[in-house]
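Read the figures in this text as sums done on the coordinates, not as results from a lab. As the structure is a prediction and not an experimental result, all values here were calculated from the model. Note: ideal-geometry Cβ built from the backbone for every residue, glycine included; neighbour counts use all protein chains shown.
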Amino acid sequence: MSDETVSNEQKTAGNGYLVGSTLEKVLRAGHFAVTAELGPPQNADSAVIRKKAGLLKGYCDGVNLTDNQTAIVRMSSIGAGAIVVQEGLEPVIQMTCRDRNRLAIQSDLLGAYALGMRNLLCLSGDHQTFGNHPTAKNVFDMDSLQLVQMVTEMRDEAVFQCGDKFKGPEARFFVGAAAAPFADPVDFRPYRLAKKVKAGANFIQTQLVYDVPAFARYMEKVRELGLHEQTYILAGVGPLKSPGMARYMKNNVPGILVPDELIARMSAAGKPWAGKKKDELTREDRIARSKAWKAKGIQICIELIQQLRQIEGVSGVHIMAIEWEAAVKPIVEGAGLSPRPEVG
Amino acid sequence: MIVAEQKPLQEIKRLINEAENVLVVGCGTCVTVCFAGGAREAAIIASSLRMSTKLDGNGKNVSDVTVQRQCEWEYLDQIADQVAAADIVLSLGCGIGVQAIAEHFPATWVVPGLNTSFLGLPTEQGVWAERCAACGDCILGITGGICPIARCSKSLLNGPCGGSEAGHCEIDPDVDCAWQLIYNRLSSMGKLDVLLEIQPPKNWRTSRDGGPRKIVRQDLRLVAEED
């Protein structure tokens, strides 16, 4: 990213940074950034957040707090984010357009800023049909692109979406957006990323990448459009837990490509227990097999990070170890990304 | 057209349970062409209710009549006597028809026989699909004649989201991805540059969000407003 994008002092926090969050500083300094996902619990237990934060502390530059992910009610992203701040980590608040209109989004973000949150990921949100309240009414007053634009103007122009000026401090966020490089129509994806960058996205976290050559082709187009110089792109990675999970994602999750070769490697890790039915395996067998699969999943994830790091325009990785935050430490260490840089 | 479908017979029976004399009123317009509430369906429902209530040991007098349009007073005037003679009117019109009867005949209890579903069209014999959400501020001119408000599950103005796969929406393989359709159409017309523009947040005031809507055309009114 060129310095020109932040040279306008009107648009900075007065210290040369848009916001001055750790994530922004790490990226601006040219370090390969690491963010990790923390899924809030389906209850009101702050201890869960503290425990997961403890697993991630020191191994990432920002912690993504999901916002009712897969449309299942969970502790709010901002509530969980406040706990993460208390634990001394830096949250990346996820905000979807599914559950809130423009009034609610803006007021929640004022609160998030007041509580010390500085990074924001703007998403449209999984449709409520997938979750545990499929009879709910959705909102979608805005879409993710409009959300990026709104929070960027909130920071740079100190205005609300309606055009009213802030009276008092504005909410300043380092603004992120998602990208789905492999979703259809594939040819349009780099251009949709361009729209997000034009709307103001400072960083991008992509959908899970398992097919590096396909992602490299996407990045080629992204570089052709010059987008890697206008935003920081963090490639999404996630450790596979089992061959079943790999097959499920390949066949059932739109926009995720899992090469057969990776599925075969996962299966091979469980070879000592292959060909046996579930009831032929003892509990110990199942634990040992799961351990073998998970070790392979972590190893593959490390390899993916190393390959992605070689692609020009990739500024970091976003690790999505869903309900497996303990995997982040071995992945970051294994990929040679530990310790994380001190940026003050 | 307005597309509707019939409520289950059991639900209709519960709605008319208290009545002795039931008048089924069909509508000759939209719900006739979607085979939900025209003269034919009104006659079938009336006959089903006669038989079914008789079998229950609670036989009702059920007659039927169909008007050209339930949503216009002049057509409703034509059935005023039949409505007056009934204990209850079972309207096979859309939600507008049901309300028109309630409004026009204040002394009559009216219940719906249909669920009004959407504004759409028949895509093939026996299949209807939604096309318009009546948002009050048409954007079809920038989306290649395909409406993302009505047809994208998230009503995105800057789609497609990451849930578009092989032409369908992630919520259901039977639901087309509206943004894939928009993309294909703009692509085939050589107008993909339209998609590079960021569409601003929509003004939903013209939609239902702005409260109940009304159009007044002074040029068409017969009586000028006082003062």
| query | How large are Rg and Dmax for the stretch A:129-273 when only the alpha carbon atoms are used, in Å? | reply | 19.1, 66
| task | For B:Trp128, list long-range residues whose amide hydrogen, built 1.01 Å from N in the peptide plane, is under 5 Å from its own amide hydrogen. | result | B:Thr123
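To the nearest 500 deg cm²/dmol, what mean residue ellipticity at 222 nm is calculated for chain B from DSSP H runs of n ≥ 4 alone, each contributing -39,500 (n - 2.57), summed and divided by the residues? Write down the numbers at each step before the final one.
Numbers: 8 runs with 64 residues, N = 227.
Value at 222 nm, helices only: -7500 deg cm²/dmol.
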| What is the calculated FRET efficiency for B:Val223 to B:Leu119, with r their C-beta to C-beta distance and R₀ = 22 Å, to the nearest 0.05? | 0.10
| Roughly what would the spin-label model give for A:Asp285 and A:Val73, points 7 Å off Cα along C-beta, in nm? | 4.1 nm
| Where a label projected 7 Å from the Cα of B:Asn17 along Cα→Cβ would reach, residues of the stretch B:50-84 with amide N under 18 Å | B:50, B:52-61
| remark: Taking Cα atoms, the helix B:95-104 axis meets the longest principal axis of chain B at an angle in degrees (rounded to 10) of 40 degrees
| query | Looking at the stretch B:2-118, what % of the alpha carbon pairs are farther apart than 25 Å? | reply | 12 percent
| field | J(HN,Hα) series, the stretch B:210-220, from Karplus relation 6.51 cos²θ - 1.76 cosθ + 1.60, nearest Hz, glycine and proline x | value | x, x, x, 9, 8, 10, 10, 10, 4, 5, 9
| query | From the cross-link list A:Lys165/A:Lys195; A:Lys137/A:Lys167; A:Lys51/A:Lys294; A:Lys57/A:Lys278; A:Lys137/A:Lys196, which pairs have alpha carbons spaced over 30 Å apart? | reply | A:Lys137/A:Lys167; A:Lys57/A:Lys278
| field | Between the stretch B:72-110 and the stretch B:6-37, the Cα center-to-center distance that results, in Å | value | 12 Å
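For the stretch B:74-158, what number results from the quotient of the Cα radius of gyration and 2.2 N^0.38 Å?
Working: Rg = 18.0 Å, N = 85, 2.2 N^0.38 = 11.9 Å.
Scaled against compact globular proteins, the figure is 1.51.
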| task | Evaluate the Debye formula for the stretch B:136-210 with equal point scatterers sitting on the alpha carbons, no solvent, and hand back log10 of I(q)/I(0) at q = 0.15, 0.20, 0.21 Å⁻¹, in q order, two decimals. | result | -0.50, -0.86, -0.94
| Measuring from centroid to centroid over Cα atoms, what is the spacing of the stretch A:278-334 and the stretch A:220-236 in Å? | 26 Å
| Karplus (6.51, -1.76, 1.60) ³J(HN,Hα), θ = phi - 60°, over the stretch B:68-83, in Hz, Gly and Pro reported as x | 4, 8, 6, 8, 10, 3, 4, 6, 5, 4, 5, 10, 4, 5, 5, 5
| query | Helices from chain A with mean Kyte-Doolittle at least -1.0 and a Cα length along the axis of 27 Å or more, per DSSP H: which? | reply | A:283-309
| said: Per residue of the stretch A:130-140, what does 6.51 cos²θ - 1.76 cosθ + 1.60 with θ = phi - 60° give for ³J(HN,Hα)? Whole Hz please, x for Gly and Pro, Karplus curve as stated. | reply: 7, x, 9, 10, x, 8, 6, 7, 8, 10, 6
| said: For chain B, what is the number of Lys pairs with C-alpha distance below 28 angstrom, counting only pairs 8 or more positions apart or on separate chains? | reply: 10
| Diffusion constant of the protein assembly as shown at 10 °C, which comes from Stokes-Einstein with the Kirkwood Cα-pair radius and 1.306 mPa s, µm²/s | 58 µm²/s
| remark: Which residues qualify? For A:Gly238, with a placed amide H closer than 5 Å and at least 5 residues away or on another chain, they are A:Val209, A:Met320
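Using just the helices of chain A, give the 222 nm mean residue ellipticity in deg cm²/dmol: DSSP H runs with n ≥ 4 each add -39,500 (n - 2.57), and the total is spread over all residues, rounded to 500. Spell out each step's value before the answer.
Numbers: 11 runs with 132 residues, N = 344.
That comes out to -12000 deg cm²/dmol.
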| field | Sites A:Glu323 and B:Trp73 - FRET efficiency at Förster radius 51 Å, r taken between beta-carbons, to 0.05 | value | 0.25
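Per residue Cα convex hull volume for chain B, in cubic angstrom? If you can, show how the numbers build up before the last one.
Values: hull volume 41.0 nm³, N = 227.
With only Cα atoms used, chain B gives 181 Å³ per residue.
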| field | For B:Val62, residues with placed amide H under 5 Å, excluding near neighbours | value | B:Val22
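Counting each pair of different Cα atoms once, what's the Kirkwood radius of the stretch A:172-242 in Å, rounded to one decimal?
Details: mean 1/r = 0.0802 Å⁻¹.
This gives a value of 12.5 Å.
How high is the FRET efficiency between B:Ser63 and B:Ala129 when r is their beta carbon distance and R₀ equals 56 Å, given to the nearest 0.05?
Numbers: r = 34 Å, r/R0 = 0.62.
For B:Ser63 and B:Ala129, the calculated efficiency is 0.95.
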| message | Using the basic label-point model (7 angstrom from Cα toward the beta carbon), what is the A:Asn15 to A:Glu303 distance in nanometres? | response | 4.2 nm
